[in-house]
C-alpha cells in the first residue's frame, strides 16, 4: 500500500499529543433517548462525547462556539448544554432541520435560546455570522473526509440495490456539496473554509478540527497532515494533536467498535494483498489564531 504525502507548513515539532477515550459507550448509546432517532440517516455524525470534551477543554461558560459544517448539530447542542452560546452553519436544509429538532428535544429553556443554526456555506462564514464574525471564541467542526460516505442500507444491498442510501450519500445529492469533492477540489475548498474560520475567530480564538485518515484506491490520505498544512497556510498556529479513540478501554485491552462498512473495506483490502488494519481513532487537530495580528493575518482576515 502506498501513502500520499502532503507538504506541511513550518509548524513546531513539539506539539503536545493527548489520547481521549471517547467511546467507552457506543455512539448509538450516547445518542439514545437524547437525539432525534432520524439522525441515523446522517452519514458523518460527530461523537457526542468528543464534542463535549472539545467544548470543555477549549472554551469557557458563556463563550461563543461555532460549527461551520454543523450537520445534525451535535457540537452545537452539546455546547449549549454546557452553557455556551452556540451557532451552527449548515449547507443542506435537511440536516439543518434535523439540528433544530435536536435542539428542541434536548434543550429546555433558557438553554434553548443558546443554540441556533443558519443555512449557509462555510466558505462564507463571516458573512453568514454577520455581526458575530470576529468575536467567536471556538470553532469546532468535522469536515467531510474526502472519501465516499453513506448510511448503510443492508436490506437494499442484499437484494441487489445500492450499499448506501442514495438520498444521504456523501451528505447530499447536490454534487456541489463538499462531501463530493476529491483531490485538489477538496483542498481548495478546505483552504477557503479555514481562511473563513480565521476571519470569524477573535484574536486568541481556537479552531478544533476532527478528521480521520482514509484510503482510496489503495492509497492513504493523510487528512490530519493536510489539515495542519491548510490551517497553517490560513494563518493559524498548531496548538495540539489529540487521538480520539474509537475503541473502548477494558482493563489493559482496546475493544474496537468498527462499522459494517469498515469491516467490509478492510476485508476486501486484505483480499487484494494490502496489509491494512481497522482504524480505531479520529484525529483532533487544534489551532490558535494569534493574539498579535500580523500582516499575513490581516490578509487572511479580509
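Brief remarks follow.
- FRET efficiency estimate (nearest 0.05) - Cβ-Cβ, residue 131 to residue 257, R0 35 angstrom: 0.25
- With each label modelled as a point 7 angstrom along the Cα→C-beta vector, the residue 61-residue 38 pair spans 3.5 nm.
- Footprinting exposure proxy for 190, 98, 106 (fewest neighbouring C-beta atoms within 10 Å first): 106, 98, 190
- FRET efficiency, residue 202 to residue 104 (Cβ-Cβ, R0 25 Å, nearest 0.05): 0.25
- The slack in the chain from residue 264 to residue 24, taken as 0.36 nm per residue of separation less the alpha-carbon distance, amounts to 84.1 nm.
- As a proxy for reagent exposure, 60, 252, 142, 75 were ordered by neighbouring Cβ count within 10 angstrom, fewest first; the result is 252, 60, 142, 75.
- Spin-label model, residue 188 to residue 278: label points 7 Å out along the Cα-to-beta-carbon direction sit 3.9 nm apart.
- The order of 109, 85, 219, 94, going from fewest to most other C-beta atoms within 10 Å of their C-beta, is 109, 219, 94, 85.
Laboratory data are not the source of any read-out in this text; all were calculated from the coordinates shown. No experiment lies behind these values; they were computed from the predicted model shown. Because the Cβ atoms are built from the backbone with ideal geometry, glycine has one as well, and the counts that use them run over all protein chains shown.
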